[in-house]
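K.L.:
Structure below; questions to follow.
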Amino acid sequence: ASKYLTLLIEIHPINNVRVLKAVDSCVRVQFLYPFEGRDSSTESHLLLISEDKYIEQFDIRVVAEEEHKVVIQKSGQLPRAKVVDDLVWAQWDMMEQRLFYIVPKESKSTLRCVQFYPDENFNSILESHLDITVNDTQLKLVNFGYDQDQDVASKSLNLQVFTSKAGGLCVCCSLASDIPHEIMYSIYFLHKGYNKTFTVSLERTESHQLKEVAFMNLDYYVAAYLPGQFLHLLNIQHPDLLCYSLFLTGEDARIDTLQNCSIRSPWVSTALDCEAGSLYDVSISDSALLQFLQKSKRDCERLAALHCALLYFQHTENLEMQIIQWISENMSTCHSFDPIQEFIIASLYCRMCPETQNLDKLLPYTSLHDWIGVVPGVICATDIISLPVLEFQNSKGFWEKLNSNLESVKYAEPHLHYQSNVLRKEWRNLSEESILFGLLFCSFCDFCLFTNQREERRTTAYLRNIFENAKKYVLVFIVFTLSYFAQTRLVPLFEEEDYQQQLLMGLMVAQLKDHLMRHLQYVGKKKIDEIVLDYVANLLNLVHRIMKEVWRRYQLHSCVFCFDERGSAGEFAVFHIMSRILEAANGMCMPLPPGFHTLHLGLGVRCLPLHTLLHYIDNGILQLTETCVRKLLKDLDDTEKNEKLKFSIVMRLPEALGQKVRQYWNHPINANLIARKYVKLLLEKLGNRQCSRPIPERLSVPVEFLPLNYLTSVLAEIENQGVHPCEKQDHVNARFVEETALKHTMTLLGLKYS
């Protein structure tokens, strides 16, 4: 039947029916259940929705009379309250007991919301102006039951309001298009302050098949669905970039059980097929999403699927493993984004944000700042709209989160997310100054002395704090790694001190703390310290996780750090992936786990020809570390090929590192380099000071070579004055210089030295 007969009746006594209200028209009744635990056997609260465009609330209480009999209390004067007048559209939210409705107001429509509470009160809590044309001749109701009069329903407004757990509020509306085979629909992201209108060109369809778009609420996504044509999953939480919404066509967009347009979404993750009378649970399949990710060729599809897989689903080891495998196979085919960066940032966002409220507005969720690509077949237009006005006091849950979202929009939300620009600038300044080189290969005490001597603008206390914080985070990472991967510790990461990475880590910790303290003061310093500790530890663990899965995939083992043979094809593949990890880390100014550079250099020595290896070193792709260089100098014998490799490495060592590791190579070339460096350092220490007297004693066998005799005398006197630049190498002194010079000269003359 196309009409309803609404009766509110009292049975008292038996078979004596008293009609309270009888209306033979399109009147709906909606019972209120604002509190599940309330005993509703003696009272009922309901809304009466009239075709005259008003809604009233009735409160009906019954009392026991005699045995097994109840009567309505004060039936002649039922308590009632007017909820709204002159509405043209209304939607009932059954789960949250909310009434959304639209009233016409001048040239625009006004969306309002009434919240019903367990204490039987209600109040208007939201108002938002929408640029939507509403036919005010007929009342359209959503989720009050389904009107089977299709002619009437097809002419009414196709509009639905969806909310999400994270405080998202969207208005979905299909629009009329003047162009055949073209579908238009708008999504008003009220919690973001803008509206996106989508125009989709249909490739093939019959005119009679064109129907309205059906909208479904999937919490994190809103689905715009046209059976047989497309399925558009629109990201509610991050709708700013179109590449994070998934547009599917063909078989990918097919939902077998939903093949008609008479679909409603009465609450989150459900779909009501109004024609079949069936209610379905609706969710995104993780296995189907991964299959789509693996076969996708466009960057926009890959980004959307990757974003959905990382942020929509709960992280499991199996899911991460499959995503890492896809990343390792498709790093070179993604042109507009770095999949390693997206994996690390999105995974950190997913792990960290549930810990603290509003943290999702402060941490980055993507490595992209904008998106200039297009989604084939879809045209999107974005318009700024006015923010909704909220009126509530001490309200928790959805309204509190929505208010927080609106406040973040008012304060320019993109600038609230932590960015590495300031960190990169600070890191670049340190790199340009000579502070960095004093820190890389010296102990921290030496570094503090170094900074004091140069009177740098940063205080020693500030740098000491950065350095000690970094050591603490490295320790947390090492402890976690040893405990978590104790049984399957595949990757031979060395537990070494990488001062460069520790400094970068310390800077990141300091700036992230400052960023969170500006916006999360109410959680306290101790909680912020815990958040930052978890963030950095998880960051390092994610890099280790990638390496672990790659190591397992190519079946490598710890002997790859030996230099006695060339690397395999698997090792070269891992080296390439580690180079991409390094590139991603540099792009985000992100620290890497301890031992990463040592392992990377070791694989480079095994896999690359010498000229390519040196090119990588000179361009900063490979970094010389003490552990790797020391092992290389000690393990390789002095064949002509190995001598060339060692000499090329030694000549590229920074000064401080060279002093530490050159002693492990017992070779005339190395001795000559050490002697030259020693003389240079001694003479620099001497400065303009003059020797008080020559030293008459000879330090070695008599040699009638006056320039060498004078040089050794000067060096010996400087040593006697307490100047010794190589205190950790006792054998390097004036006598060592003299003997090395004689050996080198004899070698050049082709004579035998004895």
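K.L.:
Go through region 513-604 and name the trypsin sites (Lys or Arg not before Pro) that are in a DSSP coil and have 13 or fewer other Cβ atoms within 10 Å of their Cβ.
P.N.:
Sites meeting the loop and neighbour criteria: R566.
K.L.:
Quote the accessible area belonging to Y280 in square angstrom, nearest 10, computed with a 1.4 Å probe and with ligands, DNA and RNA left uncounted.
P.N.:
It works out to around 70 Å².
K.L.:
So which of K425/K548; K82/K192; K425/K513; K297/K361; K192/K297; K108/K165 end up more than 21 Å apart by C-alpha?
P.N.:
Where the Cα-Cα span goes over 21 Å, the pairs concerned are K425/K548; K82/K192; K297/K361; K192/K297; K108/K165.
K.L.:
Right, here's the next one. Order the peptides 244-257, 388-401 from the highest to the lowest mean number of other Cβ atoms within 10 Å of their residues.
P.N.:
Going by the mean number of other Cβ atoms within 10 Å, highest first, we get 244-257, 388-401.
K.L.:
Kindly rank 607-613, 591-597, 63-69 from highest to lowest mean number of other beta carbons found within 10 Å of each residue.
P.N.:
Answer by packing, highest mean first, reads 591-597, 607-613, 63-69.
K.L.:
Evaluate the distance, in nm, between pseudo-label points positioned 7 Å from the Cα of C334 and of N260 along their respective Cα→Cβ axes.
P.N.:
4.2 nm
K.L.:
Full extension from K74 to N666: what is 0.36 nm times the residue separation minus their Cα-Cα distance, to one decimal in nm?
P.N.:
My answer for the length gained is 202.4 nm.
K.L.:
Same structure again: Using a 1.4 angstrom probe on the protein heavy atoms only, line up W267, W427 by accessible area, largest first.
P.N.:
The residues order as W267, W427, largest area first.
K.L.:
Next question, about the same structure. Order these peptides, 357-367, 308-318, by their mean beta-carbon neighbour count within 10 angstrom, highest first.
P.N.:
357-367, 308-318
K.L.:
Compute the Cα gyration tensor for region 172-294, then decide on rounded, prolate or oblate, letting a ≥ b ≥ c be the square roots of its eigenvalues: rounded whenever a/c is under 1.5, prolate when a/b is larger than b/c in the other cases, and oblate in all that remain.
P.N.:
Judged from the Cα gyration tensor, region 172-294 comes out rounded (a/c under 1.5).
K.L.:
How far apart, in nanometres, would the label points at K82 and H417 be if each is projected 7 angstrom from Cα along the Cα-to-Cβ direction?
P.N.:
Going by the 7 Å Cα→Cβ label model, 4.7 nm.
K.L.:
Let me ask you something else. Any chance you could look up the accessible area of E583 with a 1.4 Å probe, heavy atoms only, rounded to 10 Å²?
P.N.:
Rounded to the nearest 10, the figure is 100 Å².
K.L.:
In whole percent, and with a 1.4 Å probe on the protein chains, what portion of the accessible area of region 241-388 is carbon and sulfur?
P.N.:
Of all accessible area on region 241-388, carbon and sulfur atoms account for 50 percent.
K.L.:
On a 1.4 Å probe surface of the protein chains, which of V62, V661 comes out largest in accessible area, and what is the full order?
P.N.:
V62, V661
K.L.:
Report the accessible area of I179, computed with a 1.4 Å probe over the heavy atoms of all protein chains in place, in Å² rounded to the nearest 10.
P.N.:
The value for I179 is about 90 Å².
The values are calculated or read from the model by the stated rules, or taken from the named source; none is laboratory data. As the structure is a computational prediction, the values presented were derived from the model and not from experiment. Neighbour counts run over all protein chains shown; Cβ positions are idealised from the backbone, glycine included. The accessibility values were calculated without ligands, DNA or RNA, using every heavy atom of the protein model including side chains. Shrake-Rupley method; radii C 1.70, N 1.55, O 1.52, S 1.80 Å.
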